[in-house]
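Inspection log for the structure reproduced underneath, given as structure tokens.
The values are calculated or read from the model by the stated rules, or taken from the named source; none is laboratory data. Not measured: the values here are computed from a predicted model. Counting neighbours? That spans all protein chains shown, and the Cβs are built from the backbone with ideal geometry, glycine included. These area figures cover heavy atoms from the full protein model, side chains too; ligands, DNA and RNA do not enter into them. Shrake-Rupley method; radii C 1.70, N 1.55, O 1.52, S 1.80 Å.
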Amino acid sequence: MVMRFDPAALQQSWPLPEMPRPIVTFGAGSIVGDAHYPAYRKGGFPIAGLFDPDLDKARKLADQWGVTAYASLAEAAAVDDAIFDLATPPSRHADVLRALPQGSFALIQKPMGSDLGEASEIVEICRERNITAAVNFQLRFAPMMLALKDAIAQGWLGDVIDFDALLALDTPWSLWPFLAGLPRVEIAMHSIHYIDLIRQILGNPLGVHAKTLGHPNHGVAQTRTSAILDYGDRVRCALSINHDHKFGRKFQACEFRICGTEGAAYVKLGVNLDYPRGEPDVLMIYPKGGSDWIDVPLKGAWFPDAFVGRMANLQRFASGEDETLVSSVEDGWQTMALVEAAYQSSATPATPLAKLAEA
């Protein structure tokens, strides 16, 4: 019997928990009001409240959502049976984790610390305090990505042997003032999503060749990256990232092309185009045995639906409904190690052409 590709049958959402726990958030930045809380309300997760050292900022956001603004970190950490949602800057993750009760469940905003050293510290804290924690690599849970991975798992692409990520964007970095002065930005704060997703699909590479750099028209440390992930002699994987393509929408892009031995997929990540308003996501698949591209009708978008799925998996793991915790801190450490390798590669001189000429 010949299987028929049915795009509408692909998985696009994560099942919700039967009895969700209350969520306590640390941090009152834009990501909380723009993504976390809209997602949690959409998923039916109870939001207990939030804490931020800027108490006025915390009260304003809490009032908007009808939740409690806690007066201290300790008060927020004392909420019983909570899922702790760390929407904090990378350098603050460890301090918040140390304040959580033994045996807690936590979701840590990416990146998992400012560098690999801080990521290792986070893993140790979680082990010492018996904290079950996941990293908020929520792109894994976007409807388009869940559907893509389902199509791959069902064999509609054959073996994946090519993965291209192309971004040519006008990213409004001013929306995130905390990035000013940070030594690591583009890979650590943005392309880490793509690196993490690639790891989930292709596994860990043997290594990475990368160059990341800034732009003469502003002071953000890096906004442009080229990288090749080395998967040996069968699989090719490349990323071309430019956040400074400020010349109109016509030739801007934010897309993946994934090719297999028997089929292929195209993904448009719409939220990054005209961020934060964005455009619709797109997933098209040329399935094994097919003769044309087929559009997958998407039932949601990266923002906010991926945040629903990310929290749902952690909630279900806490209740025993899910056997696997996706993007655990141990797995997140592997993504951080690949980010570290990319920065080390960028800081390493390329093969010098002059020496070859001299020979």
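Quick notes on this one:
- Shape category assigned to segment 188-252 from the gyration tensor of Cα positions, a/c cut at 1.5: prolate
- Legend: P(r) of the chain from all alpha carbon pair distances, 20 Å bins from 0, whole percents, reading 28, 58, 13, 1.
- Lys-Lys pairs in the chain that are eight or more residues apart or on separate chains and whose Cα atoms lie under 16 Å of each other come to 6.
- In terms of overall dimensions, the C-alpha atoms belonging to segment 267-348 reach 46, 40, 36 Å along their principal axes, ordered largest to smallest.
- Shape of segment 216-357 from the C-alpha gyration tensor: rounded (a/c under 1.5, with a ≥ b ≥ c the square roots of its eigenvalues).
- Additional length obtainable on full extension of the chain from Gln154 to Met19, 0.36 nm per residue less Cα span: 45.5 nm
- Amide H contacts under 5 Å for Val185, placed H, 5+ residues apart: Gln222
- FRET efficiency for Ala350 and Ala78, using Cβ-Cβ distance with R0 set to 56 Å, rounded to 0.05: 0.60
- Dipole of the chain [Lys/Arg +1, Asp/Glu -1 at C-beta], most positive-end residue of Gly181, Asn130, Val208: Gly181
- Antiparallel bridge percentage (DSSP; both residues within the chain; nearest 5): 60
- Percent of alpha-carbon pairs separated by more than 15 Å within segment 1-82: 62
- Surface/4 estimate of mean projected area, convex hull on alpha-carbon atoms of segment 63-146, nm²: 6.8
- Accessible area of Tyr286 in the full protein assembly, 1.4 Å probe (Å², nearest 10): 70
- Counting only protein chain heavy atoms and rolling a 1.4 Å probe, the accessible areas of Arg41, Arg92 rank, largest first, as Arg41, Arg92.
- Net length available on complete extension from Ala9 to Arg59 is 13.7 nm, with 0.36 nm assigned per residue and the Cα-Cα distance removed.
- Anisotropy class of segment 120-191 from Cα gyration tensor, a/c 1.5 cut: oblate
- Solvent-accessible surface (1.4 angstrom probe) belonging to Ile294, in square angstrom, nearest 10: 60
- Two-site label geometry, Ser240 and Asp162: point separation in nm, points 7 Å out along Cα→Cβ: 1.3
- Accessible area of Cys259 in the full protein assembly, 1.4 Å probe (Å², nearest 10): 50
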